[in-house]
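Peer 1: Handing you a structure now.
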Amino acid sequence: MAGDLEGGGDQSRLRVSDADRHRVAELLRQAAGEGRLDLEELEERLEAAYRAKTYGDLVPLTADLPLGSHFRQPPADQRAGVPLSALIRYDTSFAILGGVSRKGLWEIGASHTALAIMGGLVVDLREARFTSRETVVHAYAIWSGIDIYVNAHTRVLVDGFGIMGAFDQARDKVEPDLRLDSPVVRVNGFALMAGVTVQRRPMPGPRKGSILGR
């Protein structure tokens, strides 16, 4: 890692994005969950990650972690920082008589099935890595609720229906920032005496109320 910085000093001074900070924070939380960092170390590194201005500030925070060597500057694309092989792919999300939250760094393919029966389900796509330009989410809610979150750069098409319920796109929490290469998320399915809501939100930030930032 030191060689990367020495060989690309100018690159290490490039400014990082909020998405870069969030990716490093997720790596740190994962490392703490595996016992590689204690709570004090985690708190210190999370604070440093969210204060980081350049890639040179971020790289040392994960350099001694197994996944840390994969965070290099500058990223090859907006989803760099964690190799594709390191992400877990989920093709389904189920919540039955309980609550499930799919969030953080994960991989989603061309289609994903979300099913909630008498439970609550959150499918957070803001930090997900898309392997296809267009992804179809099949959402089915029965006496329950499904919330689907996307970021400012994702194009959304909602094509479902509600039966004594709602299937719609909620008011954006962040202004859309669509580009020619923006991923497309198409949501279809139905809500039976339930609700399926798609909403555009800001990228996740540090979470208050816990030393883990969760």
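Peer 1: If I filter the stretch 15-33 down to residues being free of Cβ contacts under 8 Å to residues at least 40 places away in the same chain and charged (D, E, K, R), which single residue comes out as least open to solvent (accessible area, probe 1.4 Å)?
Peer 2: Filtering first and then ranking leaves R21.
Peer 1: Provide a single number: the residues in the stretch 181-190 that are of a type outside the set (S, T, N, Q), open to solvent by less than 80 Å² (accessible area, probe 1.4 Å) and not in a strand (DSSP E or B).
Peer 2: The qualifying residues number 1.
Peer 1: What residue, of G81, G56, G35, is modelled with pLDDT of 75 or more, on the phi > 0 side of the Ramachandran plot and out of contact with any strand residue (DSSP E or B) (no Cβ under 8 Å at 6 or more places or on another chain)?
Peer 2: G35
Peer 1: Among the residues of the stretch 103-114, write down those that are in a strand (DSSP E or B), surrounded by fewer than 20 Cβ atoms within 10 Å (Cβ to Cβ) and not polar (S, T, N, Q).
Peer 2: If we filter the stretch 103-114 for residues that are in a strand (DSSP E or B), which is where we start, we get 107-108, 111-114.
Next cut, surrounded by fewer than 20 Cβ atoms within 10 Å (Cβ to Cβ) only: 107, 111, 113.
Listed by number, the list holds a single entry, E107.
Peer 1: I would also like to ask the following. Which one is least open to solvent (accessible area, probe 1.4 Å), of the residues in the stretch 34-57 that are under 15 Å from R23 (Cβ atoms) and free of Cβ contacts under 8 Å to residues at least 24 places away in the same chain?
Peer 2: For the stretch 34-57, the residue satisfying everything is A48.
The values are calculated or read from the model by the stated rules, or taken from the named source; none is laboratory data. In this text the structure is predicted, and so the values were computed from the model without any measurement. Because the Cβ atoms are built from the backbone with ideal geometry, glycine has one as well, and the counts that use them run over all protein chains shown. Areas reflect the complete protein model, heavy atoms only, side chains present, ligands, DNA and RNA absent. Shrake-Rupley method; radii C 1.70, N 1.55, O 1.52, S 1.80 Å.
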